[in-house]
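**Student:** Once you've had a glance at the structure underneath, I'll fire off some questions.
The values are calculated or read from the model by the stated rules, or taken from the named source; none is laboratory data. Computed from a predicted structure; not experimentally measured. All Cβ positions, even for glycine, are placed from backbone atoms using ideal geometry, and neighbour counts span all protein chains on display.
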Amino acid sequence: MSGQTIVGALIGLGIGYFLTIPFYVFLAFRDSMWTRRAYRLAGQSNIALPANLAGRVARFLRAQYLFSIPALTVVIVVFDVVLYGDNTQQRDWTLWFPWILAGMPVFYTAYLFMATLWPRWKASGDRRVTHLRSMRVREAFTSAEFAVVLIGPVFGMAFGAWGLWRVSAPAVWWVACQLAFGAGILAWWYAAGHIMNRPSSASDELELGWDDLLRFRAVRDLTMGAAWLPPLVLLLVDDFMSWQLDKDRGFQLWPFPVLIVAFLLVYRTFRQGRQLWRQAWLQRGGGR
């Protein structure tokens, strides 16, 4: 990987962000928009949002949005440099694909976990309330959602196996990539458990409810991304690799309908458990 390739990718992204900065700033500082989103989240999640708390929730959502911009930039740079690189030369996929496959599960889990470190929901005063019972990660998902979560790694391993077969990877890479998916699952389990049971930060029961709601939301986003981002990206990598290996294949539309259907399946299914936080909250002594 040449330094010029990396510098070129960074310059291209820099120009793109420079051209879109006014739009990002416009969205970030529209207080009314973030307040509406706060009330919409409260309605979808079945939790009260009094006027004195609406501003805090709106600022939290805006901070998440602002933090997502540089975090997403890292993913785009890595994807652009690793996948496309120097377009004037055909990539040696025999070398590159196994490394991409082995690194992808842990990379996406680590990236999504880092995105939960800031912002954090904080208590409004000196008084502190908390729960007495810890929570299990499984409490954050319905049965259908958990089934969809399990399907993601299955597709990821299938797309990865097809790519390894396509480049005639040696047996050691087949073993290494299976171990990498196992490491990704362990990394997700640790990250989700850490988020689910990190210390509460609330000054009253309503703030404690919001702390739980945002905690469940973070675990669900982490899980959805860790399970489905690798297979969806691998589908694109497989298609791009085949395009380079088969020069006469021409343009094919087929991966994109699959991506759209998969996105709709995950999105629709993961709307079911928006209020699961309340059941766990009540069982832990909240709302009394």
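**Student:** Conditions first: (1) at pLDDT 65 or above; (2) within 28 Å of VAL149 (Cβ to Cβ). MET33 passes all but one, so which condition is the exception?
**Tutor:** (2)
**Student:** Same structure again: I'd like to check which helices (runs of 4 or more DSSP H) are fully inside segment 156-275 and have at least 2 residues that are under 22 Å from GLN64 (Cβ atoms) and in contact (Cβ under 8 Å) with a residue 40 or more places away in the chain.
**Tutor:** Fully inside segment 156-275 and qualifying: 171-196, 205-245.
**Student:** Considering segment 141-155 alone, what residues qualify as being of a type in the set (Phe, Trp, Tyr) and in contact (Cβ under 8 Å) with a residue 60 or more places away in the chain?
**Tutor:** Within segment 141-155, PHE141, PHE155 qualify.
Residue-wise test of (1) assigned by TED's automatic domain parsing to the domain that holds PRO231; (2) more than 15 Å from ALA226 (Cα to Cα); (3) surrounded by 14 or more Cβ atoms within 10 Å (Cβ to Cβ).
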{"position": "THR116", "(1), (2), (3)": "yes, no, yes"}
{"position": "LYS122", "(1), (2), (3)": "yes, yes, no"}
{"position": "SER134", "(1), (2), (3)": "yes, yes, no"}
{"position": "VAL149", "(1), (2), (3)": "yes, no, yes"}
{"position": "MET157", "(1), (2), (3)": "yes, no, yes"}
{"position": "LEU186", "(1), (2), (3)": "yes, no, no"}
{"position": "ALA192", "(1), (2), (3)": "yes, no, yes"}
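**Student:** Across segment 84-103, what is the number of residues that are modelled with pLDDT under 90 and not aromatic (Phe, Trp, Tyr)?
**Tutor:** Final tally of qualifying residues: 10.
**Student:** Being within 16 Å of ASP221 (Cβ to Cβ) and among the hydroxyl-bearing types (Ser, Thr, Tyr) is the filter; apply it to segment 116-151 and report the residue that is modelled with the highest pLDDT.
**Tutor:** Going through the qualifying residues, I end up with THR142.
**Student:** For the list (1) modelled with pLDDT of 95 or more; (2) under 21 Å from the mean Cα position of the chain (by Cα), I need the number of the one condition that TYR39 fails.
**Tutor:** (2)
**Student:** Looking at (1) touching a residue at least 12 places away in the same chain (Cβ under 8 Å); (2) part of a helix (DSSP H, G or I), find the lone condition where MET135 falls short.
**Tutor:** (2)
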